[in-house]
Amino acid sequence: MLILSLALFIFGMVLYHNLSLKISDDTDDVLRSRAKGIEQSIETYWEAERMDIAAGDNNIRLIKEDNINFIRIARRWVGEKINDPDLINTIVRVYDAHGSPIASSKNVPTEHLNTHIFYDVKKGADHFENAFLEVNEIPALFRIFTTPVMESKRLAYVVQVASPLSQLHSVLRNLRFSLLFLLPLTVIVTGLSGAFLVQLTLKPVNQMIETIHQITAENLKLRLKIPGTRDEIESLAKTFNDMITRLDEAFTSQRQFMEDISHELKTPLSVLKGELEVTLKKIRSTQEYETTLHSSLEEVNHLVGIVENLLTLARFDAKTTTLQAQTLDLNVLIKDAVEAIQVLAFQKNITLHLNSAHTVDIYADKNQLKRLILNILDNAIKYTQPGGNVFINLRQQKDTADIDIIDTGIGIPEDELPHIFDRFYRVDKSRSSAGFGLGLSIAQSIAMAHGGRISARPNSPQGTIFTISLPIKFK
């Protein structure tokens with residue numbers, strides 16, 4: 001409203017000033033035109049008179065200066081033409097070459113031409129001024145134009161016309177009233193309308209604020225009402241709801257992660273505590289103490305493995321793991337991984353089948369990539385029944401190298417496949433043995449760090465196919 005007030009004030013001032021100048025200029029143009037018309041009309045009268053006087057003697061030279069005939073003609077013209085419609089509200093006065101009045105409109109006092117005006121017209125210059133004149137003994141402000149009429153470079157007579165400024169002042173007074181009344185009214189109406197529109201526009205925002213205040217970490221299911229305004233506010237509400245959804249998923253994932261890690265740590269800690277408590281109840285033999293220590297060490301190693309895996313995932317999440325990339329033969333790396341895990345497969349009587357005869361060179365971190373393959377093979381062996389098979393196929397595509405690890409195990413429900421790479425995810429929530437721990441999560445993090453990805457799909461008639469897709473020219 002302040003900016004609008006200032007803008008309208010400046011507009012009003014400029015409008016008033018320009019209109020005042022325009023009306024003044026138009027008034028001056030009208031007075032100048034009327035004075036010129038009066039001069040030409042008097043000249044016409046004079047020419048007719050001069051021709052009559054000079055008809056008898058062509059050698060007579062008639063001039064207007066101090067000529068009684070011209071004075072008579074000027075007075076006759078004023079008497080005849082003063083009521084002309086073109087001269088309504090116009091005062092006409094004619095002066096001789098000495099500034100003395102020779103003809104004038106009625107009801108206007110006759111007086112000598114003002115000295116400073118006469119000084120200008122004597123030099124042949126026009127003169128404008130504002131002055132008070134008494135008309136019917138009532139003073140009024142007039143715009144007065146005085147112009148000399150020259151003859152042979154000498155002042156012959158002076159024509160003066162005057163127009164009242166009352167009409168001009170009336171127009172400007174009405175304009176001032178309109179500006180002083182309408183501009184503040186415009187500001188007030190605009191301000192009230194703007195306040196109403198702002199309140200109407202921000203009503204959905206206020207409702208959003210009230211809802212936002214109700215959203216807490218324990219109440220992330222609450223969502224903002226979409227206003228349906230088809231504008232930035234609707235877009236803001238949708239964006240905020242999307243953010244709340246992501247936060248809800250993050251909080252839910254965090255809570256689930258804490259529950260899972262607590263569950264993973266609870267089992268070895270409970271076993272460790274139970275064995276130590278039983279051992280301390282009475283004096284044991286050296287062999288019994290040794291057995292207990294070995295069992296405790298296994299549980300401690302289990303705990304250390306969980307912590308190390310968590311630290312590995314944390315480094316991948318923070319992108320602080322530096323890959324020692326080099327050019328290597330993926331076929332050789334897979335053979336090394338198969339040989340390393342052959343012991344686990346032999347314990348369950350599971351046969352590993354490697355189908356990779358050709359060389360596939362890629363640019364990758366050898367140790368991390370071997371860990372990735374071992375984690376997937378370990379998972380395949382873990383969930384394949386004794387006597388089953390695990391197939392490893394290496395395929396080279398245009399830009400990628402794909403490793404298919406196919407097991408004939410118990411399989412994974414198709415709706416669970418998108419979640420198996422989540423940390424500590426369990427397909428069967430009621431059985432801890434059906435969990436994937438951190439192995440698949442670490443494998444996926446390694447693949448993504450190399451610019452690749454791991455996917456899983458069901459194998460017909462049973463089992464699961466894991467496909468590791470790695471770019472050949474990753475840098």
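Between the stretch 436-471 and the stretch 77-126, what's the alpha-carbon centroid distance in Å?
111 Å
In whole Hz, what ³J(HN,Hα) sequence does the stretch 373-388 give by Karplus (6.51, -1.76, 1.60; θ = phi - 60°), x for Gly and Pro?
5, 5, 4, 5, 5, 4, 5, 5, 5, 4, 9, 10, 5, x, x, x
Per the Kirkwood formula on distinct C-alpha pairs, the Rh of the stretch 1-129 is how many angstrom?
That comes to 17.9 Å for the stretch 1-129.
Sequence-distant or interchain residues sharing an amide H contact under 5 Å with Ala401, placed H: which?
Distant-sequence amide H within range of Ala401: Leu470, Ile472.
To the nearest 0.05, how large is the calculated FRET efficiency for Asn174 and Asp52 if R₀ is 51 Å and r is the Cβ-Cβ distance?
With R0 = 51 Å, the Cβ-Cβ based efficiency is 0.45.
Mind checking the full-extension length gain between Ser33 and Asp242? Use 0.36 nm per residue of separation minus the Cα-Cα distance, one decimal, nm.
Length gained, Ser33 through Asp242: 67.5 nm.
Per residue, how large is the accessible surface of the stretch 143-296? Use a 1.4 angstrom probe and give square angstrom.
68 Å²
Using a simple spin-label model with points 7 Å from Cα along the Cα→Cβ vector, what separation in nm is obtained for Asp329 and Leu2?
That separation, rounded to one decimal, is 8.0 nm.
Using alpha carbons only, how many angstrom separate the centre of the stretch 224-265 from the centre of the stretch 361-378?
So the two Cα centres are separated by 35 Å.
Using the basic label-point model (7 angstrom from Cα toward the beta carbon), what is the Leu19 to Glu275 distance in nanometres?
10.2 nm
Need one number: % antiparallel among DSSP beta bridges in the chain, to the nearest 5.
90 percent
What does the charge count near Arg395 come to, summing +1 for each Lys or Arg and -1 for each Asp or Glu among other residues with Cβ under 12 Å from its Cβ?
Taking every Cβ under 12 Å from that of Arg395, the sum is -1.
Treating each Cα of the stretch 309-404 as an identical point scatterer and ignoring solvent, apply the Debye formula and state log10 I(q)/I(0) at q = 0.25 Å⁻¹.
-1.26
So between Lys81 and Ser460, what do we pick up on full extension, going 0.36 nm a residue minus the alpha carbon distance?
Answer, rounded to one decimal: 124.4 nm.
Can you run phi through the Karplus equation (6.51, -1.76, 1.60; θ = phi - 60°) for the stretch 299-311 and list ³J(HN,Hα) in whole Hz, with x for Gly and Pro?
5, 5, 4, 4, 5, 4, x, 4, 4, 5, 5, 4, 5
Which order, highest average first, do 32-45, 156-169 follow once you tally other Cβ atoms within 10 Å for each residue and take the mean per peptide?
The packing order, highest mean first, is 156-169, 32-45.
Evaluate Rg over Rh across the stretch 293-353, taking Cα atoms for both radii and Kirkwood's formula for Rh.
1.10
Pop the C-beta distance of Gln256 and Val198 into the FRET formula with R0 = 60 Å and round what comes out to the nearest 0.05.
0.85
Quick one: Debye curve from the C-alpha atoms of the stretch 219-375, no solvent, what's log10 I(q)/I(0) at q = 0.15, 0.17 Å⁻¹?
Log-scaled intensity ratios, in q order: -1.04, -1.11.
Restricting to Cα pairs below 8 Å that are 6+ residues apart, what does the relative contact order work out to for the chain? Please round to a whole percent.
Taking the mean separation of contacting Cα pairs over the length of the chain, I get 9 percent.
If packing is taken as the mean number of other Cβ atoms within 10 Å per residue, what is the order of 184-197, 401-414, 443-456, highest first?
In descending order of packing, they fall as 443-456, 401-414, 184-197.
I'd like the distance between the alpha-carbon centres of the stretch 137-153 and the stretch 268-308, rounded to an integer number of Å.
127 Å
What list of ³J(HN,Hα) couplings, whole Hz, do you get for the stretch 391-404 from phi and the Karplus terms 6.51, -1.76, 1.60, once you set θ to phi - 60° and write x for glycine and proline?
3J(HN,Hα) across the stretch 391-404, in whole Hz: 10, 10, 10, 10, 10, 9, 9, 5, 10, 10, 10, 10, 10, 9.
What is the spread of the Cα atoms of the stretch 262-316 along each of their three principal axes, largest first, in whole Å?
Largest to smallest, the principal-axis extents are 47, 19, 9 Å.
At 0.36 nm per residue, and after removing the present C-alpha to C-alpha distance, how many nm does the segment from Ile10 to Ala131 gain when stretched out fully?
40.5 nm
Arrange the peptides 143-154, 367-378 so that the one whose residues have, on average, the most other Cβ atoms within 10 Å appears first.
Ranking the peptides 143-154, 367-378 by packing returns 367-378, 143-154.
I need the semi-axes of the equivalent ellipsoid of the chain: take the C-alpha gyration tensor, multiply each eigenvalue by 5, square-root it, list largest first in whole angstrom.
Over the Cα atoms of the chain, the ellipsoid semi-axes are 118, 29, 18 Å.
The values are calculated or read from the model by the stated rules, or taken from the named source; none is laboratory data. Note that the coordinates shown come from a computational prediction; the quantities given were computed from them, not determined experimentally. No Cβ is skipped: glycine too gets one built from the backbone with ideal geometry, and neighbour counts run over all protein chains shown. We work out accessible area using only protein heavy atoms, side chains counted, and drop any ligands, DNA or RNA first. Shrake-Rupley method; radii C 1.70, N 1.55, O 1.52, S 1.80 Å.
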